[in-house]
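For reference, the structure discussed in these notes is given below.
The values are calculated or read from the model by the stated rules, or taken from the named source; none is laboratory data. Predicted, not measured: the structure shown is a model, and the values here were computed from it. A quick note on method: Cβ atoms are made from the backbone with ideal geometry, for glycine too, and the neighbour counts reach across all protein chains shown. Heads up: the accessible areas ignore ligands, DNA and RNA and are worked out on the full protein's heavy atoms, side chains in. Shrake-Rupley method; radii C 1.70, N 1.55, O 1.52, S 1.80 Å.
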Amino acid sequence: MKKVLVATDKPFAKVASDQIKAIFAKANYNCVFLEKYTQQSDFILAAQDADAVIIRSDKVDKDVIDNGKNLKIVVRAGAGYDNVDLAAATEKGVVVMNTPGQNSNAVAELVFGMVIFQLRNHFDGSSGTELKDKNIGIHAYGNVGKNVARIAKGFGMHVFAFDPFVSKQEIEKDGVTVLGSVEELYKTCQFVSLHIPATAETKKSINYALLSSMPGNAVLINTARKEVINEDDLIRIFADRKDFCYVSDVQPDCASALTEYSKRLFFSPKKMGAQTEEANINAGIAAANQIIAFFENNDIRFKVN
Ligand code: 3PG
């Protein structure tokens, strides 16, 4: 009987876990959960005899891979797989997949939750501002960016995007204006929502030049990864621009250097963009089905390595 380990430091909603268990029970797989673990060694130990592992932002490092004697597949229930050592997995012949699009609406909704919290002055009762007729720039037009565009239009915003990997026609189909460069996006939009992955090219790429070019009352929204921000530049922009706000689902390492600007920022205590029952069900079920399809039919459609 195949063993599947669901290792989630930040657990799925119970309704999602129950559905994952039911899928594996029906397929006659042994499904084991490791939740809210505090030591990486607990994960390594639990993965030792697993044939497959489902994770969220949990770190699949070389130790997890090398110690997973039976490990054939790791599925990241979510979009970003920067938490998986792809090189180590590839070297050991372990397939890595993600579940693209499954949690993107949840992340996109949080973008607006955080923005409105900021624009209404953290709900302190004072007079705030609105989204209608303002420009929002979507930095990378993937599944989350697309959902952000849809919702932004509902708010009556003017929606712009920059993504060198998506065709102009594809983006324009959604009634979104495509801009020719990242510089143009930041220059044009009071609100910029980040949806780039954390890669060698994008890390620290959101820098002083971009942030200082944003129009008045600029708001940067980050539901992507903290690593894409140049944090020295973030500290500098907060000091230089009294109108700059930053709302983020991921706490920056430099958070303590920004405490004096607390009215102009918001950070989730724990990354919670994808933390909804619906997203957990969608991503969790997709991960479970992908594992079964892999073992039963050699289906490697969502392989990323
Ligand atoms: C993703 O990449 O899918 C999101 O960042 C969600 O991450 P999470 O599953 O850890 O909440």
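Starting from the Cα of Lys72, draw a straight line to each of the aspartates and glutamates and keep only those under 17 Å, dropping any in the same chain fewer than 8 residues away. Within the straight-line cut-off, Lys72 pairs with Asp49, Asp51, Asp61, Asp63, Asp85, Glu91, Glu296, Asp299. When you count the other C-beta atoms within 10 angstrom of each residue and take the mean per peptide, 59-68, 122-131 line up highest first as 59-68, 122-131. The equivalent ellipsoid of the chain has semi-axes of 37, 20, 18 Å, largest first, where each one is the square root of 5 times an eigenvalue of the Cα gyration tensor. The angle between the Cα long axis of helix 14-26 and the longest principal axis of the Cα atoms of the chain comes to about 30 degrees, rounded to the nearest 10. Computed over protein heavy atoms with a 1.4 Å probe, the accessible surface of the chain works out to 46 Å² per residue. For segment 104-267, the fraction of 1.4 Å probe accessible surface lying on carbon and sulfur atoms is 52 percent.
Report the net charge of residues surrounding Ala209, where surrounding means a beta-carbon distance below 9 angstrom and charges are Lys +1, Arg +1, Asp -1, Glu -1. Write down the numbers at each step before the final one.
Numbers: positive: none; negative: Glu183, Asp233.
Value of the local net charge: -2.
Calculated mean residue ellipticity at 222 nm for the chain: -10500 deg cm²/dmol, from DSSP H runs with n ≥ 4 weighted as -39500 (n - 2.57), summed, divided by the residue count and rounded to 500. Computed from label points 7 Å out along Cα-Cβ, the spacing between Ser262 and Asn121 is 1.7 nm.
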